[in-house]
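Chemist: What follows is a structure written as C-alpha cells; I'll ask about it next.
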Amino acid sequence: MTVVADTTDSLGHDIDRSGAPLIRADRVWKIFGRHAARVIGTPDADLPRAELRAKHDCVAAVRDVSFEVWPGEVFVVMGLSGSGKSTLVRTLIRLIEPSSGEIEIDGKEVMALNGADLRQLRRHTSSMVFQHFGLLAHRRVIDNVAFGLEVQGVAKSKRLERAAEVLELVGLEDCANQFPDQLSGGMQQRVGLARAFAVDPKVMLYDEPFSALDPLIRRDMQDEVCRLQLETGKTMVFITHDLPEALRLGDRIAIMRDGKIVQLGTPEELVGAPADDYVQNFVRDIPRSHVLTLRWIMRDPGPGETDGPALPVDTTVQNAVSVIAGSEHPVRAVDDGKVVGVVDRTAVLNAIADEGD
C-alpha cells in the first residue's frame, strides 16, 4: 500500500502518514468482571450483553477494537451511552486497564510500561480533557493552567510563563488572576483546554468535553478546538455521542456499538456509504450535500469536458451548487493542480435527491 506524507485533508489538517502511526490499538478488549479470560477468544465473546452477564457475570465494554491514529489527525470515536467509547479512550493510557490487546503511543508499548513510565506517558506525551473541568477552585486561572507543569517539576517562573502563553492562545489572557468560579462554563472549559495544552503533549484525548455546555457555548468550543488544532497541529482523539460534532471535527470517525467498531471512515464515507442500518440511522438526518464533496460525486471527464470552471476536489456539494448551476459545462474537480474528475448537474441533483431517502 502506498502512503502519502504530510497530506492535507478536507478540514485543512496536515496529517503525516509517512511513518508509523502515533497511536496504534490492536485487538483491545475490556471486560469488567472476574471471568474475562473465559470469554476472550471464545464464541461467548459475541454474546449480547444481557446473555454474557447472565452466563459469565461480566460485561464486555470494549470488544476486539483495532485502529490507528496518524500524527496531526483528529480521530473521533462516537456512539450512544454504553457503546464503550469512553472506556476505550481510557484504556489508551491505562486509566482503565485493558483485559487484553496491544496499545502503542509514540513508539511506546503502553501495556509493557511500569508505573513510573506510565506516569511519564500521562504527564508528558498525552493530556486528557474531561466533561467535568476539575479546576482547582482555590487557585488562580494561571495556576490552574500551570498545574500539569508543576506536577512535572518545572520551575515556577517557567511554568507561569508557559501558562501565560497558552492563556493567550485560548483568548483568556485577561483572566489569568481570576478564580474559576468567576468564569462562565465556557470560559472554565477553555481553562481546561489551556491546562491540557500547557504541557505540550503529542496526543490530546477528549472525553465528551462539551456535552454539559449549552448549544451556543458548545459550538464556540468546537470552533476553538478546530482553531487550536490548525494552529498547533496536535493529534487528537475526541469522544462524543453527537454526530454533527463528530462530522465537524473528525478527519476519521469510528462508530461504536456494544463495544465494537461498526464502521470507521471519513465523514464522507459514513454519510455516503453507511455500513449497516445502525449507521444509516445515525446519519439519516444529516444533509448529504453538506458533507459530500466533489470527490464523492465526480466522474471521469468525457470528450470536450475539460473547459468548465474549476473547483477544489474537496469542495462540498452545497458550496459547488451555484457554480455548477451557472455553467454550461461540467465543473472540473482539481486536486493539487490536476483535473481528477468532472461534476455535472445530474450528479448534483442525484446527491441532493438522496437526502430525502
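Chemist: Condition (residue is touching a residue at least 40 places away in the same chain (Cβ under 8 Å), closer than 30 Å to residue 257 by Cβ and open to solvent by 40 Å² or more (accessible area, probe 1.4 Å)) applied to the stretch 298-306: is it met by at least one residue?
Modeler: Of all residues in the stretch 298-306, those touching a residue at least 40 places away in the same chain (Cβ under 8 Å) come to 298-302.
Retained after the next criterion (residues that are closer than 30 Å to residue 257 by Cβ): none.
Within the stretch 298-306, none of the residues are touching a residue at least 40 places away in the same chain (Cβ under 8 Å), closer than 30 Å to residue 257 by Cβ and open to solvent by 40 Å² or more (accessible area, probe 1.4 Å).
Chemist: A further question on this structure: So which of 141, 129, 154 ends up being open to solvent by less than 50 Å² (accessible area, probe 1.4 Å) and either free of Cβ contacts under 8 Å to residues at least 12 places away in the same chain or of a type in the set (S, T, N, Q) (or both)?
Modeler: 154
Chemist: May I pose another question? Looking at the structure I just gave you, is residue 316 over 20 Å from the mean Cα position of the chain (by Cα) and surrounded by 15 or more Cβ atoms within 10 Å (Cβ to Cβ)?
Modeler: Considered against the rule, which asks whether it is over 20 Å from the mean Cα position of the chain (by Cα) and surrounded by 15 or more Cβ atoms within 10 Å (Cβ to Cβ), residue 316 comes out as yes.
Chemist: I would also like to ask the following. Does the stretch 329-339 hold any residues that are open to solvent by less than 50 Å² (accessible area, probe 1.4 Å) and part of a strand (DSSP E or B), and which are they?
Modeler: Passing the criteria: 331, 333, 334.
Chemist: All but one of (1) assigned to a helix (DSSP H, G or I); (2) of a type in the set (A, V, I, L, M); (3) in contact with an Asp or Glu (Cβ under 8 Å, 6 or more places away or on another chain); (4) open to solvent by less than 30 Å² (accessible area, probe 1.4 Å) hold for residue 118, so report the exception by its number.
Modeler: Residue 118 satisfies all of (1) assigned to a helix (DSSP H, G or I); (2) of a type in the set (A, V, I, L, M); (3) in contact with an Asp or Glu (Cβ under 8 Å, 6 or more places away or on another chain); (4) open to solvent by less than 30 Å² (accessible area, probe 1.4 Å) except (3).
Chemist: Then there's this: Look at residue 277 and say whether it is open to solvent by 60 Å² or more (accessible area, probe 1.4 Å), without any contact (Cβ under 8 Å) to a residue 12 or more places away in the chain and within 23 Å of residue 63 (Cβ to Cβ).
Modeler: yes
Chemist: Residues being open to solvent by less than 10 Å² (accessible area, probe 1.4 Å) and outside any helix (DSSP H, G or I): count how many of those fall in the stretch 230-245.
Modeler: Adding up the residues that qualify gives 6.
Chemist: Taking the stretch 340-357, which residues are open to solvent by 70 Å² or more (accessible area, probe 1.4 Å), more than 22 Å from residue 283 (Cβ to Cβ) and of a type outside the set (S, T, N, Q)?
Modeler: 345
Chemist: To continue, here is another question. Can you find even one residue in the stretch 299-310 that is out of contact with any strand residue (DSSP E or B) (no Cβ under 7 Å at 6 or more places or on another chain) and polar (S, T, N, Q)?
Modeler: No, every residue in the stretch 299-310 fails to be out of contact with any strand residue (DSSP E or B) (no Cβ under 7 Å at 6 or more places or on another chain) and polar (S, T, N, Q).
Chemist: Select, from 102, 168, 97, the only residue that is exposed (fewer than 15 other Cβ atoms within 10 Å of the Cβ) and either more than 25 Å from residue 226 (Cα to Cα) or of a type in the set (Phe, Trp, Tyr) (or both).
Modeler: 97
Chemist: While we're looking at this one, here's another question. Could you tell me whether any residue of the stretch 56-64 is more than 30 Å from the chain's Cα centre (by Cα) and surrounded by fewer than 22 Cβ atoms within 10 Å (Cβ to Cβ)?
Modeler: To start, the set of residues in the stretch 56-64 that are more than 30 Å from the chain's Cα centre (by Cα) comprises 56-57.
From what is left, the residues that are surrounded by fewer than 22 Cβ atoms within 10 Å (Cβ to Cβ) are 56-57.
Scanning the stretch 56-64, I find at least one residue that is more than 30 Å from the chain's Cα centre (by Cα) and surrounded by fewer than 22 Cβ atoms within 10 Å (Cβ to Cβ), so the answer is yes.
Chemist: Does the stretch 34-48 include one or more residues that are in contact (Cβ under 8 Å) with a residue 60 or more places away in the chain and closer than 25 Å to residue 208 by Cα?
Modeler: no
Yes/no matrix, rows are residues, columns are (1) surrounded by fewer than 20 Cβ atoms within 10 Å (Cβ to Cβ); (2) not in a strand (DSSP E or B):
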position: 205; (1), (2): no, no
position: 210; (1), (2): no, yes
position: 228; (1), (2): no, yes
position: 247; (1), (2): no, yes
position: 268; (1), (2): yes, yes
position: 295; (1), (2): yes, yes
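Residues are listed down the side, and each one gets a yes or a no for (1) within 27 Å of residue 205 (Cα to Cα); (2) modelled with pLDDT of 90 or more; (3) in contact with a Gly (Cβ under 9 Å, 6 or more places away or on another chain):
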position	(1), (2), (3)
1	no, no, no
11	yes, no, yes
14	yes, no, yes
18	yes, no, no
24	yes, yes, no
27	yes, yes, yes
56	no, no, yes
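Chemist: Hey, could you check the stretch 282-293 for residues that are of a type outside the set (Lys, Arg) and open to solvent by less than 90 Å² (accessible area, probe 1.4 Å) and say which is nearest to residue 83 (Cα to Cα)?
Modeler: Going through the qualifying residues, I end up with 282.
Chemist: Sticking with this one: Would it be correct to say that residue 192 is of a type in the set (Gly, Ala, Ser), surrounded by fewer than 22 Cβ atoms within 10 Å (Cβ to Cβ) and in contact (Cβ under 8 Å) with a residue 12 or more places away in the chain?
Modeler: No; evaluated as a whole, the condition is false for this residue.
The values are calculated or read from the model by the stated rules, or taken from the named source; none is laboratory data. As the structure is a computational prediction, the values presented were derived from the model and not from experiment. Virtual Cβ from ideal backbone geometry, glycine too; neighbours counted across all protein chains shown. Surface areas here come from the heavy atoms of the whole protein model, side chains and all, with no ligands, DNA or RNA. Shrake-Rupley method; radii C 1.70, N 1.55, O 1.52, S 1.80 Å.
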